[in-house]
Every structure is written in C-alpha cells, then in structure tokens.
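To start, the structure itself, in structure tokens.
Please treat every number below as a calculation from the coordinates, not as lab data. Keep in mind it's a predicted model, so treat the numbers as computed, not measured. FYI the Cβ positions are ideal-geometry reconstructions off the backbone, even for glycines, and counts take in every protein chain you see.
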Amino acid sequence: MACAVSVEKLSKTFGGTRALDNVSIAVEPGEMVALIGASGSGKSTLLRHIAGLVEADKTGDGAISILGRTMQANGRITADARAIRSSVGVVFQQFNLVGRLKVLTNVLIGNLGNMPRLKGCLSLFTGEQKKAAMRALHRVGIAQQAMQRGSTLSGGQQQRAAIARSLVQGARVLIADEPIASLDPSSARKVMDILGDLNRRDGITVLVSLHQVEYALNYCRRTIALRNGQVVYDGPSEALTPEFLGELYGAESEELFLPGLDAAAGKAEPKPRRAVASLAPAAAAAY
Ligand SMILES: Nc1ncnc2c1ncn2[C@@H]1O[C@H](COP(=O)(O)OP(=O)(O)O)[C@@H](O)[C@H]1O
Ligand SMILES: [Mg+2]
C-alpha cells in the first residue's frame, strides 16, 4: 500500500534560512505520528508543504506524495494537487474558523473542494450535506454550538469544529500544526482524544506537531523530531529520553514538562526513559 504521507529529500530555503534540509519521512496509513522540535525547527514549514500550501526549493529533487499521488516534485505543485488536497484535512494552531459564519457553515465549507465552484460560493449545501455536518459536530462534541458564530466558540471548540470540517471533507490524512498550543490542559486533552479516536476508529492518518512533548508521548506511538530543519529522530515515542529532549529544545526545555499536566491527566510523573544514543539513530532503525 502507498504511504499516507511520503516526503523525500525536501529542502526549503527562505532568504538565507534553511527551514528544511533534506527531510525524508514516510507515514503509513493509519499511523498517528507526533512532530516535535523547538520553535523555528521547521515543523510548520514541513506541514504546510505536506498540505500543499508551499513549494519547496526548485534546485532540489524533493517530492511529496499523499496516498500515492504526487503533491509536488522538484519544487512544483502538481496539477493534481487540488484534488489531492481534498483528502488532506488541515488544523492550525488558530484562525481555523471564519468568525462571522455559523459553526455549521464553517463545517460545511469542508464540502467546497468537492463541489462545483459556483454552487459552493452560493452556499447551496444539500440537506444531506447539512446532516453530515451535524453528525461531524456530534462526533467532536459540539453539536449544541452549531448555530453560533464561529467567533463565539472557545479555542478548544474552534479546533474541534476544524476537525469536524476535515471529517465532512472526507479527509483520510489529517495534518494538525500545534492544534493545542493555545489551549488549557483540559481542552488540549479533549482535542487530542478526538484526534486519537479518529485515528483508531476511522483509520485516519494523523500527523500532529506538538510543542508540549508530554502529549506526543501520551498520544502518539511514533515521534519525528526536527532540529534546524533536519530530522534528528524518527522512532518510538517511548524511546525518547529526557536527555535527548533537553538537547532538542535547548533553552526552551524548561517549558516542556508543564507542572500539573500529568497530575491532571491522572498519570504518574513521567518516569526517566531508557537512554538512547545521542540523537538515537539506533532506536530509529529498530522501529
Ligand atoms: N514565510 C517565511 N519567510 C521567511 N522565513 C520563514 C518563513 N516561514 C518560516 N520561516 C523560517 O523558517 C524556519 C522554520 O520555521 P517554522 O517552520 O515556522 O518552525 P516551527 O514551526 O518549528 O516553529 C524559521 O527560521 C523561520 O523563521
Ligand atoms: Mg510552527
């Protein structure tokens, strides 16, 4: 079976900054993978490429394919990209909803990729589409808010609406860029629980960047770590060590383990994890 997400030798330079440096990753259908790394390590840039929003450097021979279809190659988005994008749901840290539109309408927007353009613009959604949107809102637990404006939702509810929109869209791959970064721990867990549920029950492939590493450890079996635009770890989350994470995050590492997070989750303090070699190539190979 084709990879859900395949990134090969991707490089992206902004001015003098090499945001991505020869990145290759392969995510199998049905996986839920965390993407971690300090601020500026390239997480958003990588996810935006995978979502088909950015073209890589033209000088490289990088390529991205989604479910076996080429989204971009050699720094050019393919003619197929629009069709491929409809199978990729995208959730950002914020600004996921159109604030003045109803939540239901925001979710119905998930249909636009699959509708003739004019009909989509006129918001002529069918009764069946509205029912499907309501089902999706139920699924993420915010059906009661369907008729409110997007701007009236809490941060966590907005993220859940964005996930519902991906469901309506029929996404088989969900890309989430720090979806819980602005949320309190309880809302963050709710959003991660929903992502986990879609992954397990619907087989949706999830690639989620997370600033707070505890969530990667708790929700994703596999973690990919970026540093300075390079993949420095790709393997089981449980093999990540505090030493590695401290090295990965440098000065930021004090924010990593939020006080009370584990207590709030009803879990014990994180145990010291088995040491792996620096930057862990062995663990990655064993995975
Ligand atoms: N549009 C852009 N223009 C210029 N530099 C950018 C742009 N987007 C990202 N960068 C740079 O690329 C690097 C990676 O950024 P980013 O992907 O946002 O990292 P992260 O999401 O891990 O914080 C950073 O040095 C950032 O400043
Ligand atoms: Mg980012």
Note, ³J(HN,Hα) from phi for region 2-16, Karplus 6.51, -1.76, 1.60, rounded to Hz, x at Gly and Pro: 5, 4, 5, 9, 10, 10, 10, 6, 8, 10, 9, 10, 10, x, x
Normalised per residue, the volume of the convex hull around the Cα set of region 176-226 (Å³): 74 Å³
Label point at residue 200 placed 7 Å out along Cα→Cβ; residues across region 10-53 whose backbone nitrogen lies under 20 Å: 28-35
Set 130/190; 58/102; 9/102; 9/130 screened for pairs whose C-alpha atoms are more than 30 Å apart: 58/102; 9/102; 9/130
Kirkwood estimate for region 72-217, i.e. one over the average of 1/r between Cα atoms, Å: 15.6 Å
Under-5 Å amide H pairs with residue 142, H placed in peptide plane, nonlocal only: none
For region 98-171, convex hull volume per residue from C-alpha positions, Å³: 77 Å³
Computed over region 30-138, the ratio Rg/Rh where both radii use C-alpha atoms and Rh is Kirkwood: 1.02
